[in-house]
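Worksheet: one structure, shown below.
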Amino acid sequence: MSDEAEATNPGASGRVHPIVQYGDPVLHRACAPVAAFDAALARLVEDMFASMYAANGVGLAANQIGVDARVFVLDCEDADGVRTVAAVVNPVLSLPAPPRELMTGDEGCLSVPGSYEDTARSATAVVEGFDAAGEPVRIEGTGTLARCLQHEYDHLEGTVYVDRLPRKARNRALAEAGLR
Ligand SMILES: [Zn+2]
């Protein structure tokens, strides 16, 4: 890969951070809105991409590397196999009005490593926010992308996907991850 291509690859200049695990307080409270679209934010986004790719994830929220900020990154495909790579700052999630179509499928989380549980999600989701430069971003998702948008938005609200599961499934997921 040329230097130029590397420089434009998300995360190429980022530093890999350890992933915070379920139980750390930073994952269990709502994150603070981002106030400044500055160099520190650009660096955070780069570090988040680098950390997500190093962990083989398809999405990562800032609090998963211990940063209290409403930012997530993702790299995943929708139901048609179309890939989206994006960082979203101060996202707002919109779901269809009930009764909405749900999809149930395997969901996992880098903060609950190694376990996957069937989780019901809206089949479609829309997130609006800003990129690291402060430009408006709007992502409409289906399939894995819709699941990822809801999962990462949840993180910024202090909710981990296992919190949405029945207690038995939650305990199983945490036990498989060695967290209980
Ligand atoms: Zn997660």
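Tabulated data
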quantity: 1.4 Å probe accessible area per residue over the chain, in Å²; calculated: 50 Å²
quantity: Label point distance in nm, Ala32-Leu102, each placed 7 Å from Cα along Cα→Cβ; calculated: 3.6 nm
quantity: Whole-percent carbon and sulfur share, accessible surface of region 25-177, 1.4 Å; calculated: 51 percent
quantity: ³J(HN,Hα) computed for each position of region 102-117 - Karplus, 6.51 cos²θ - 1.76 cosθ + 1.60, integer Hz, glycine/proline x; calculated: 10, 10, 10, x, 4, 10, x, 8, 4, 8, 10, x, x, 10, 9, 9
quantity: Normalised alpha carbon radius of gyration of region 1-107 [divisor 2.2 N^0.38 Å]; calculated: 1.18
quantity: Dipole magnitude of region 93-169, debye to nearest 20 (Cβ charges: Lys/Arg +1, Asp/Glu -1, about Cα centre); calculated: 300 debye
quantity: Tilt relative to the chain, helix 143-156 - C-alpha long axis, 0 to 90 degrees, to 10; calculated: 80 degrees
quantity: Distant-in-sequence amide H partners of Ala69 (H built 1.01 Å from N, under 5 Å); calculated: Ala32, Asn63
quantity: Degrees between helix 167-176 axis and first principal axis of the chain (Cα, 0 to 90, nearest 10); calculated: 50 degrees
quantity: Convex hull of region 25-177 built on C-alpha atoms - directionally averaged projected area, nm²; calculated: 8.7 nm²
quantity: Helix 39-54 vs. the chain, principal-axis angle (Cα, 0 to 90°, nearest 10); calculated: 50 degrees
quantity: Highest-fluctuation residue, Leu110, Leu74, Leu93 considered, GNM on the chain with Cα pairs under 10 Å; calculated: Leu93
quantity: Contact order normalised by residue count of the chain, Cα under 8 Å, 6+ apart, percent; calculated: 23 percent
quantity: Hz values of 3J(HN,Hα) by residue in region 13-23 - Karplus curve (6.51, -1.76, 1.60), Gly and Pro given as x; calculated: 9, x, 9, 7, 9, x, 8, 6, 9, 3, x
quantity: Simple spin-label estimate for Tyr116 and Ala42 in nanometres, 7 Å along Cα-Cβ; calculated: 3.8 nm
quantity: Dipole moment magnitude, nearest 20 debye, the chain about Cα centre, only Lys, Arg, Asp, Glu C-beta charged; calculated: 840 debye
quantity: Region 114-180: C-alpha gyration tensor shape, a/c 1.5 cut-off, then a/b vs b/c; calculated: prolate
quantity: Inter-label distance for Ala175 and Ala133, nm, one decimal - labels placed 7 Å from Cα along Cα-to-Cβ; calculated: 5.1 nm
quantity: Largest-first principal axis extents of the Cα set of region 11-72 (Å); calculated: 29, 29, 16
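The values are calculated or read from the model by the stated rules, or taken from the named source; none is laboratory data. Because the structure is a prediction, the values reported are computed rather than measured. For neighbour counting, all protein chains shown are included, and Cβ atoms are generated from backbone atoms with ideal geometry for every residue, glycine included. Each accessible area value is taken on the protein alone, full model and side chains, heavy atoms only, with ligands, DNA and RNA left out. Shrake-Rupley method; radii C 1.70, N 1.55, O 1.52, S 1.80 Å.
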